[in-house]
Amino acid sequence: METYKVIIIGGGAAGLFLANILTEYGEKDLLVLERGERVGKKLSATGNGQGNITNLRVAERGGYFSSDPQAEARLGALLSVYGAEEFREFWAKRGVLLSFDERGRAYPAGRQASALTDALRFYAEQNGAELRTGARVYAIRKTQNGFVAEYEKDGEKRACQAEKLVLCTGGKAAKNFGTDGTAYALAQSFGHTVTPLYPSLVQLKTETAPIKTLKGIRVVNGGLTAHAPSGEYTVRGDIIFTDYGVSGDAVFRVSAFITPEVESGQVTLSIDFLPEVGEQAIFTALQKKRAAYPALSDSELLLGVVNNQIGRAVMKRAAGDMQKAAGLVKAFPLRVMGHLGFDYAQVTKGGIPLRETTENFESKRVKGLYFAGETLDADGQCGGFNLHFAYASARAVAESITRGQV
């Protein structure tokens with residue numbers, strides 16, 4: 001049976017980061033088992049293929065979510081050590097330059113996410129790590145000397161063993177990238193539990209009658225507020241109207257706060273079409289337009305103020321009342337009916353509870369078993385937060401595995 005020091009199950013972002021860090025620390029005796037035909041498939045698609053890898057705000061309070069009440073303090077301590085600048089240096093060592101936009105989002109200077117995957121793959125392989133693709137792990141077990149991973153490759157059942165084993169298997173979101181949630185069973189076989197799982201960074205289904213004429217229209221840098229039982233959450237960004245509801249980066253961002261609640265029927269959205277303009281200024285503009293064009297139909301009063309189709313939808317909902325129309329431009333309500341689910345989500349909310357792991361994400365139940373990345377019950381806001389956590393958690397795991405050897 002093949003024997004290694006470390007087996008990493010999952011060749012996504014967390015697995016590749018971990019392989020890179022371990023080899024950087026001098027650990028060459030490691031194997032990455034990836035069920036897909038290539039590593040880093042989801043990473044190569046991040047940021048619409050442009051590679052939004054981190055964010056200058058990752059260490060700020062409120063950037064991450066978890067059901068663990070101690071998570072904020074724990075993740076805050078982790079990210080104060082492995083923050084955006086430290087991550088920038090990680091990439092610089094691999095010849096990758098990062099550029100940051102006005103919202104703090106970081107991208108490779110060439111704006112190609114696939115370049116990030118290639119840099120991680122090349123570094124790991126040239127420094128001794130073995131990346132084995134098309135290997136579906138279906139069981140892991142503890143032995144006197146460590147762990148055995150049983151997997152299937154090319155129709156043949158195989159097994160390998162190692163002193164340490166790390167689950168970097170992702171969550172349940174975007175199963176087209178190989179993350180369908182089935183890998184949680186590997187952790188459960190050791191007595192670990194899994195919190196309730198929800199899709200995050202996902203499109204939202206809403207009532208459609210008020211927006212049936214708006215399909216395909218994009219509101220650039222609009223304001224979006226979600227009103228939920230847990231609180232009120234406001235973001236800025238693009239909002240795209242669809243036949244089922246709304247999409248766009250503002251929707252993805254606000255979904256991170258509310259997806260556990262959307263099925264309750266108690267969540268509403270409020271769209272601000274003109275965040276930089278006050279309601280009174282809009283009402284004044286409508287009054288002036290009515291005075292200048294007395295024969296103009298009510299449906300055209302918002303011409304030149306907002307998109308024509310949006311203006312007509314607003315005036316229809318306001319039944320011609322200019323004061324009400326001004327208010328709707330600033331707060332256009334939509335009842336949330338649901339979301340598009342895990343197949344369309346970028347991230348999974350929930351996972352292996354943090355309380356079942358140590359500060360370095362080692363299992364409290366089985367010594368030598370670790371977790372990193374999305375498989376854990378920690379998810380972040382849209383904008384590079386989740387990939388940064390994949391890195392920071394991998395760094396913590398590597399520090400634990402190599403402690404005393406670095």
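What are the residue pairs meeting all of these: first residue in the range 121-139, first residue touching a residue at least 12 places away in the same chain (Cβ under 8 Å), second residue polar (S, T, N, Q) and surrounded by 14 or more Cβ atoms within 10 Å (Cβ to Cβ), Cβ atoms under 7 Å, and 6 or more apart or on different chains?
Filtered contacts from the range 121-139: TYR123/ASN20; ALA124/ASN20; ALA124/THR23; ASN127/THR23; GLY128/THR23; ALA129/THR23.
Being under 18 Å from ARG365 (Cβ atoms) and of a type in the set (Phe, Trp, Tyr) is the requirement here; does PHE177 meet it?
The answer is no for PHE177.
Check the range 115-132 and report whether any residue there is part of a strand (DSSP E or B), of a type outside the set (A, V, I, L, M) and under 25 Å from PRO353 (Cβ atoms).
Within the range 115-132, none of the residues are part of a strand (DSSP E or B), of a type outside the set (A, V, I, L, M) and under 25 Å from PRO353 (Cβ atoms).
Just checking, how many residues over the range 169-182 are among the β-branched types (Val, Ile, Thr) and crowded, with 23+ Cβ neighbours inside 10 Å?
Counting residues in the range 169-182 that are among the β-branched types (Val, Ile, Thr) and crowded, with 23+ Cβ neighbours inside 10 Å gives 2.
A quick yes/no check of all residues on (1) under 21 Å from the mean Cα position of the chain (by Cα); (2) in a strand (DSSP E or B); (3) buried (at least 20 other Cβ atoms within 10 Å of the Cβ); (4) at pLDDT 95 or above:
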| site | (1), (2), (3), (4) |
| --- | --- |
| LEU16 | yes, no, yes, yes |
| LYS28 | no, no, no, no |
| ASN48 | yes, no, no, no |
| PRO69 | yes, no, no, no |
| GLU102 | yes, no, no, no |
| ALA106 | yes, yes, yes, yes |
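Among what's in the range 140-168 and is without any contact (Cβ under 8 Å) to a residue 60 or more places away in the chain and in contact with a Gly (Cβ under 8 Å, 6 or more places away or on another chain), pick the residue that is surrounded by the most Cβ atoms within 10 Å (Cβ to Cβ).
LYS153
The values are calculated or read from the model by the stated rules, or taken from the named source; none is laboratory data. From a predicted model like this one, the values you see are computed outputs, not experimental measurements. FYI the Cβ positions are ideal-geometry reconstructions off the backbone, even for glycines, and counts take in every protein chain you see.
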